[in-house]
Amino acid sequence: MHRICLWTAIFCLCCGAAQSQVPESGRWQELRFSTDAVDSQVEDRYIERVVELAATGKLDDDPGLLVRLRSISAGLIRAAITLKPDAAQWQWELHTTSDPGVDAVCMAGGKILVGSAFVRQLALDDGELATLLAHEVAHAVAEHVRETLSEAFLLVRRPPLPLDVLMERLDSDLSLQIRLSDLSMMQESEADQLGMVLAHRAGWPPSAMVRFYGKLAAQEPAALVADHPAAASRLSMAKGMAVLLGTDAPLAVSP
């Protein structure tokens with residue numbers, strides 16, 4: 001009886017959906033967890049990862065790259081805040097790592113980690129690096145982690161899981177990841193387009209963005225990630241967005 005009551009309480013806390021729109025695209029999201037709850041859980045994980053990398057000597061061991069990234073990210077964060085004012089309250093944080101398994105990530109709440117090996121592999125100049133960062137910042141602005149957890153909650157559903165348990169389940173349950181793969185693919189495409197808008201608003205030229213996606217395409221399949229669109233498709237998107245960004249047409253991100 002107590003177990004049933006506990007599950008019922010968790011469900012009541014989580015099942016109230018909030019409606020939200022992704023900046024620029026206007027795509028509606030149904031979100032089952034609060035921003036604060038997700039950000040808190042993600043921050044704990046980010047701290048654990050940063051501490052682990054520091055303990056193995058793989059954190060911020062490229063000072064020059066760290067300076068570049070922090071300089072570039074400042075303008076992107078300002079652009080992000082213009083699209084999502086709540087982002088001004090986030091505790092933005094950026095680190096680099098020499099862990100070859102990391103390319104780049106921006107977690108919920110503005111927690112950024114960039115792999116120095118990935119940057120060197122693609123020989124990214126500042127404009128291309130801004131495009132990489134903007135893609136990751138776009139994930140945070142669009143609250144993709146919160147959306148993924150909300151969709152996972154609906155798929156698991158019985159028993160309704162607390163947020164921390166659901167995050168663990170999402171990390172380890174391949175079948176759940178596969179069921180969410182269409183959402184992941186759509187989010188990646190959205191982050192590509194929204195990221196280009198952010199980079200453009202931060203003052204970076206569309207030509208640099210096209211070069212970045214060109215380098216990704218040249219690296220495929222090495223740079224291919226299963227839940228990302230094909231690199232050739234991303235390059236085609238970038239060229240189309242560059243034409244749009246180079247005009248006075250309204251900037252819009254397709255859902």
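Every listed requirement among (1) in a strand (DSSP E or B); (2) surrounded by fewer than 23 Cβ atoms within 10 Å (Cβ to Cβ) is met by residue 106 save one, (2).
Give the range 40-68 a look and list any residue that's part of a helix (DSSP H, G or I) and either of a type in the set (Lys, Arg) or in contact with a helix residue (DSSP H, G or I) (Cβ under 7 Å, 6 or more places away or on another chain) (or both), or say none. Reasoning before the result, please.
Residues of the range 40-68 that are part of a helix (DSSP H, G or I), as a first pass: 40-55, 63-68.
If the condition is that a residue be part of a helix (DSSP H, G or I) and either of a type in the set (Lys, Arg) or in contact with a helix residue (DSSP H, G or I) (Cβ under 7 Å, 6 or more places away or on another chain) (or both), then 41, 42, 45, 49, 65, 68 are the ones that fit.
Might you let me know whether the range 129-139 holds any residue that is farther than 20 Å from residue 187 by Cβ, under 16 Å from the mean Cα position of the chain (by Cα) and touching a residue at least 40 places away in the same chain (Cβ under 8 Å)? The answer is yes, given that some residue of the range 129-139 is farther than 20 Å from residue 187 by Cβ, under 16 Å from the mean Cα position of the chain (by Cα) and touching a residue at least 40 places away in the same chain (Cβ under 8 Å). Can you name the residue in the range 75-114 that is among the charged types (D, E, K, R) and over 24 Å from residue 22 (Cα atoms) and is also modelled with the lowest pLDDT among such residues? Going through the qualifying residues, I end up with 103. On the stretch given as the range 46-73, residues that are aliphatic (A, V, I, L, M) and touching a residue at least 40 places away in the same chain (Cβ under 8 Å) total 5.
Just one of 48, 24, 43 is farther than 30 Å from residue 98 by Cα and modelled with pLDDT of 55 or more; which is it?
Working: 48 fails: farther than 30 Å from residue 98 by Cα; 43 fails: farther than 30 Å from residue 98 by Cα.
Step by step, each of 48, 24, 43 is checked, and only 24 is farther than 30 Å from residue 98 by Cα and modelled with pLDDT of 55 or more.
When residue 197 is tested against (1) part of a helix (DSSP H, G or I); (2) farther than 25 Å from residue 19 by Cβ, only condition (2) is not met.
Reported count of residues in the range 150-171, each being buried (at least 17 other Cβ atoms within 10 Å of the Cβ), touching a residue at least 24 places away in the same chain (Cβ under 8 Å) and either aliphatic (A, V, I, L, M) or in contact with a Gly (Cβ under 7 Å, 6 or more places away or on another chain) (or both), is 4.
Scanning the range 55-74 finds no residues that are farther than 23 Å from residue 119 by Cβ, aliphatic (A, V, I, L, M), surrounded by fewer than 18 Cβ atoms within 10 Å (Cβ to Cβ) and at pLDDT 95 or above.
Does residue 79 meet the test of being in contact (Cβ under 8 Å) with a residue 12 or more places away in the chain, closer than 20 Å to residue 197 by Cα, assigned to a helix (DSSP H, G or I) and in contact with a His (Cβ under 9 Å, 6 or more places away or on another chain)?
Working: in contact (Cβ under 8 Å) with a residue 12 or more places away in the chain: yes; closer than 20 Å to residue 197 by Cα: yes; assigned to a helix (DSSP H, G or I): yes; in contact with a His (Cβ under 9 Å, 6 or more places away or on another chain): yes.
Criteria met by residue 79.
Looking at this structure, is residue 41 buried (at least 17 other Cβ atoms within 10 Å of the Cβ), closer than 27 Å to residue 163 by Cα and over 15 Å from the mean Cα position of the chain (by Cα)? Let's see the steps before the verdict.
Details: buried (at least 17 other Cβ atoms within 10 Å of the Cβ): yes; closer than 27 Å to residue 163 by Cα: yes; over 15 Å from the mean Cα position of the chain (by Cα): yes.
So residue 41 passes the test.
The values are calculated or read from the model by the stated rules, or taken from the named source; none is laboratory data. Just so it is clear, the structure is predicted and the values come from calculations on it, not from any experiment. All Cβ positions, glycine included, derive from the backbone under ideal geometry; neighbour counts span all protein chains shown.
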